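In what follows, a structure is listed as structure tokens, so that the remarks can point back to it.
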Amino acid sequence: MVDTPNTRHDEEVPTAVATGAEARLFDDIVRKLGGLPPGVRRVEFHFGEDSEGAPAVWISFVAGDDLKPSKEKIADLQRLASQVRAEILRSDTERWPYVEIVTE
């Protein structure tokens, strides 16, 4: 979950900071998909502006390093990324989703 500063309702929140409701929205979207595929250790959210200056969210699925992932594993990760992207686009947010799979 993302830490957010306390803000008043009439204050504008910088796009690099998510409101508590926004952070919960993204967390709920990922949780509702039924769990992470095997090998995915965690999900990280980063908020900011994309190269066009539009509000954006980067969702990183952090997986263990695998030099020879199976076709099934790759398909599962791609499906997860597509589902998350689609759900965010259907949601109430103005942020554009960038979904990536990273290894550690």
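The values are calculated or read from the model by the stated rules, or taken from the named source; none is laboratory data. All values reported here derive from a predicted model rather than from experimental measurement. Ideal geometry is used to build each Cβ from the backbone, glycine not excepted, and the neighbour counts take in all protein chains shown.
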**OP:** Give the residue that is surrounded by the fewest Cβ atoms within 10 Å (Cβ to Cβ), with candidates limited to residues of the range 18-39 that are among the basic types (K, R) and either within 25 Å of D76 (Cβ to Cβ) or touching a His at 6+ places or on another chain (Cβ under 6 Å) (or both).
**Re:** K32
Subject >> Where D76 falls short, out of the listed (1) touching a Pro at 6+ places or on another chain (Cβ under 9 Å); (2) modelled with pLDDT of 90 or more >> reply: (2)
Original post:
If you take the residues of the range 66-104 that are basic (K, R) and surrounded by fewer than 13 Cβ atoms within 10 Å (Cβ to Cβ), which of them is farthest from P55 (Cα to Cα)?
Top reply: K68
Original post:
Just checking, how many residues over the range 57-91 are touching a residue at least 60 places away in the same chain (Cβ under 8 Å) and in a helix (DSSP H, G or I)?
Top reply: 1
Original post:
Of all residues in the range 47-65, how many are surrounded by 14 or more Cβ atoms within 10 Å (Cβ to Cβ) and either under 14 Å from R95 (Cα atoms) or not β-branched (V, I, T) (or both)?
Top reply: 12
Original post:
So, in the range 15-56, of the ones that are at pLDDT 90 or above and assigned to a loop (DSSP other than H, G, I, E, B), which residue ends up nearest to the chain's Cα centre (by Cα)?
Top reply: D50
Original post:
Across the range 92-104, which residue is modelled with the lowest pLDDT among those that are among the acidic types (D, E) and in a loop (DSSP other than H, G, I, E, B)?
Top reply: D92
